[in-house]
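Nothing in this text is a laboratory measurement; each read-out follows from the coordinates by a stated rule. Just so you know, these numbers come straight off a predicted model, no measurement behind them. FYI the Cβ positions are ideal-geometry reconstructions off the backbone, even for glycines, and counts take in every protein chain you see.
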Amino acid sequence: MAIFSLPLTERPAWKALRTHYDFIRTLSLRRLFADDPKRGERLAIDGAGFYLDYSKNLVTDETLKLLIKLAEESDLRSRIEAMFRGDKVNVTENRSVLHIALRAPRGMSILVDGENVVAQVQGVLDKMSIFSERVRVGEWKGYTGKRIRNIINIGIGGSDLGPVMAYEALKYYSDRSMTFRFVSNVDGTDFVEATRDLDPAETLFIGSSKTFTTLETMTNAASARQWLLNGLGGDPKAIAKHFVAVSTNRAKVSEFGIDPANMFEFWDWVGGRYSMDSAIGLSTMVAIGPDHFRALLEGFHVMDEHFRTAPFEENLPVLMGLFTIWYTDFFGAQTVAVLPYEQYLKRFPAYLQQLTMESNGKHVTLEGAKVTYDTGPIYWGEPGTNGQHSFYQLIHQGTRLIPCDFIAFAQTLNPIGRHHDILMANVFAQTEALAFGKTADEVRAEGTPEWLVPHRVFEGNRPSNTILAERLTPAALGGLVALYEHSVFTQGAIWNIDSFDQWGVELGKLLAQRIIPELERKDDPDLKHDSSTTALIHRYRKMKES
Ligand code: F6P
């Protein structure tokens, strides 16, 4: 029997890691660094334009050996090849998972059901480029002949978080004469606030939805159409100049009233949370221009190739995925903090939450058996240094182990005064403080009164990765996103779960559809919910009328 067909916890490497963990718990990062003065240089790698310092993790050479053995015993290499080949690795939806094809260079061939999908991708990219340029140079006019100055992306989940994150991240490269907004929430406030100061004659909506059936997006799109009609004299023909769509569902796009000529296509082998580099990135392309968008794709591709070809010991996404497994399953860590020291990446943690948690928040294996180990941790974070004045206290001195990813760039895009050195000093200071802390003796030596000593002790031994790149360029953003995409893949492959479905979002959607008419109908509905839900609905119906 092949080792990878053994349950995960029965594999030799997993068992060895269990025993090894008892030893690691007795070590400290202070000791590990003292015993190996070159550790900080040794446990660091360069790859795909990134420097990953993983020396401040609770690992030894033996840990690394065992984690890599676990990856091998889990057949990670074949799983990577299967994804890149276009095998249907999303088994519960019987789909290929080919976001890597979205950034494959023109001329490459990846076949899905006998069709070369790279050619299709390049065709859509060309169409997006023509459209984006027409909007950017003012050639695409609105219904009244005015040029388009405002772009509003309507979408949710993967059809929103990627576009908004990428827009914020690459704002430096964007056309500052245009306004970009993103409407996602079904809460009408989102739409109203996004449009209140805009002229419909200068506004173009991008309806972004893989399925073109999502309740939030369709509700917002209907309000957008009404807003346009109200503002443009009520002629339905006006819509064609102010609404384009990004979707896999041509029929639904037509049904909504958008000319399929103004639809930008993608495919069911692109998961929503893996789609920011597909046509879902249309708002990004309009903002930064086709050349920068191509550079973004190239950055993704460089990381894809690194992931596919680098030995596991030197493979950034594999190592990061393995560390997450190490802390989640052996240390019992519940979360991972992602801390970008780059203001432009302020929405990156929110983006990562869908990528990581919708992918790996799963409770059964590919075969449908309940897992006997923890899967996807909670990802969260805020940009530095803001977080330092908020939740870092708990990371430094709380009772929970929170592995942290620090993300930073050597060169700022906005060099003013001393800001960047101060920012970077904080990155290095935080990882140092987390790892090495401050002992009671050190606190006493500063003349601290004895009663205060325990409060001022930092235990240290808090693990972190430091991810360093030269500068936040479109290519660097692509590489960074791909780094996390493939780290998520690595985790999912070892946990033997389907990282590409999302059945867990269905039940709430279904129940909401049932409740909507119960809230809207005039006469008293005969409710068949549990007593809490029934009482809440009755209370809401009463309160909304008072
Ligand atoms: O929340 C569930 C989900 O299906 C996500 O996976 C997806 O990104 C989002 O809804 C939006 O879906 P669509 O692009 O089809 O509107």
Sequence order, segment 140-152: Karplus ³J(HN,Hα) from phi using 6.51 cos²θ - 1.76 cosθ + 1.60, θ = phi - 60°, Hz rounded, Gly and Pro as x, gives 7, 9, x, 4, 8, x, 7, 6, 7, 10, 10, 10, 10
Residue span T448 to I3: 0.36 nm per residue of separation minus Cα-Cα distance leaves a gain in nm of 154.6 nm
Taking a straight Cα-to-Cα line shorter than 17 Å from K509, and setting aside same-chain lysines fewer than 8 residues away, one finds K210
Note, segment 214-229: 3J(HN,Hα) by Karplus (6.51, -1.76, 1.60, θ = phi - 60°), whole Hz, Gly/Pro = x, goes 4, 3, 4, 5, 5, 5, 5, 5, 5, 5, 5, 4, 5, 4, 5, 4
With label points set 7 Å from each Cα along the Cα-to-Cβ direction at T213 and L366, the distance between them in nm comes to 2.7 nm
FRET efficiency for K127 and V192 from the Cβ-Cβ distance with R0 = 30 Å, rounded to 0.05, comes out at 0.40
quick note, the chain, DSSP beta bridge pairs, % antiparallel (nearest 5) is 30 percent
Applied in sequence order to segment 191-202, the curve 6.51 cos²θ - 1.76 cosθ + 1.60 (Karplus, θ = phi - 60°) yields integer Hz couplings, x standing for Gly and Pro, of 5, 4, 5, 6, 10, 4, 9, 10, 8, x, 5, 10
In nanometres, the difference between 0.36 nm per residue of separation and the alpha-carbon distance of L413 and V505 is 29.3 nm
Check: C-alpha center segment 11-48 vs C-alpha center segment 455-509, spacing in Å is 20 Å
Sorted by chain and number, the residues with a modelled amide H under 5 Å from that of F205, at a separation of 5 or more or across chains, are I152, F243, V244
Packing-ranked peptide list from 40-47, 382-389, highest mean Cβ count within 10 angstrom first, is 382-389, 40-47
To the nearest 20 debye, segment 153-295 has a Cα-centred charge dipole, built from +1 on Lys and Arg Cβ and -1 on Asp and Glu Cβ, of 180 debye
Longest principal axis of the chain (C-alpha) makes with the long axis of helix 12-24 (C-alpha) an angle, in degrees to the nearest 10, of 60 degrees
Between the modelled labels at D441 and E520 (7 Å from Cα along Cα→Cβ) the distance in nm is 7.2 nm
PRE zone check, label point 7 Å out along Cα-to-Cβ of K88, amide N under 12 Å, scope segment 106-145, hits 113
Between the modelled labels at L401 and K252 (7 Å from Cα along Cα→Cβ) the distance in nm is 4.3 nm
Segment 205-219 scanned against label point 7 Å out from T179 along Cα→C-beta; backbone N under 20 Å for 205-208
Calculated from DSSP helices alone, with each H run of at least 4 adding -39500 (n - 2.57) and the total divided by the residues of the chain, [θ]222 nm to the nearest 500 comes to -13500 deg cm²/dmol
Here the Kirkwood hydrodynamic radius of the chain, Cα-based and in Å, equals 25.4 Å
A student applying the Cα gyration tensor rule (rounded when a/c is under 1.5; otherwise prolate if a/b is larger than b/c, oblate if not) would label segment 155-243 oblate
With a Förster distance of 60 angstrom and the Cβ-Cβ distance between R147 and E459, calculated FRET efficiency to the nearest 0.05 equals 0.50
About its Cα centre, the chain carries a charge dipole, from +1 on Lys and Arg Cβ atoms and -1 on Asp and Glu Cβ atoms, whose size in debye to the nearest 20 is 820 debye
